[in-house]
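Below is one structure; the comments refer to it alone.
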Amino acid sequence: MRWGGLKHPLPRNVHLLSLERKNPKQSSTLIRFINVFEKGHDADLSKNAFINLENHFKFSVGQVRNMTLSAIHEHG
């Protein structure tokens, strides 16, 4: 069965890498995004992308932390 958690499409330069429930007791979910364009590759699509998580997902988003891609360390 397919589950679609998005209300709206993501920006063209953003890819959803994973949406994984980490701890059901705490409703902790790992959501990973990546900009698919490298810096300088495209004049517009290589720029930072901003996503309003409340508008894009069908579920509520509480605390958000900016982490490295491995989700081990917080981004400074």
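The values are calculated or read from the model by the stated rules, or taken from the named source; none is laboratory data. Keep in mind it's a predicted model, so treat the numbers as computed, not measured. Ideal geometry is used to build each Cβ from the backbone, glycine not excepted, and the neighbour counts take in all protein chains shown. For the accessible areas, the whole protein counts, side chains as well, though only heavy atoms, and no ligand, DNA or RNA atoms are used. Shrake-Rupley method; radii C 1.70, N 1.55, O 1.52, S 1.80 Å.
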>> Please go through (1) surrounded by 13 or more Cβ atoms within 10 Å (Cβ to Cβ); (2) touching a residue at least 24 places away in the same chain (Cβ under 8 Å); (3) among the aromatic types (Phe, Trp, Tyr) for residue 33 and return the number of the only condition it doesn't satisfy.
In response: (2)
>> I'm trying to understand the selection: among the residues of segment 1-47, which are under 21 Å from residue 74 (Cα atoms), small (Gly, Ala, Ser) and either at pLDDT below 80 or assigned to a loop (DSSP other than H, G, I, E, B) (or both)?
In response: 27, 28
>> Show the residue pairs meeting these rules: Cβ distance below 6 Å; 6+ apart or different chains; first residue within segment 44-67 and within 14 Å of residue 29 (Cα to Cα); second residue open to solvent by less than 50 Å² (accessible area, probe 1.4 Å) and of a type outside the set (A, V, I, L, M, F, W, C).
In response: 57/5; 58/5
>> Being open to solvent by 60 Å² or more (accessible area, probe 1.4 Å), within 22 Å of residue 8 (Cα to Cα) and not polar (S, T, N, Q) is true for just one of 22, 39, 58. Which residue is that?
In response: 58
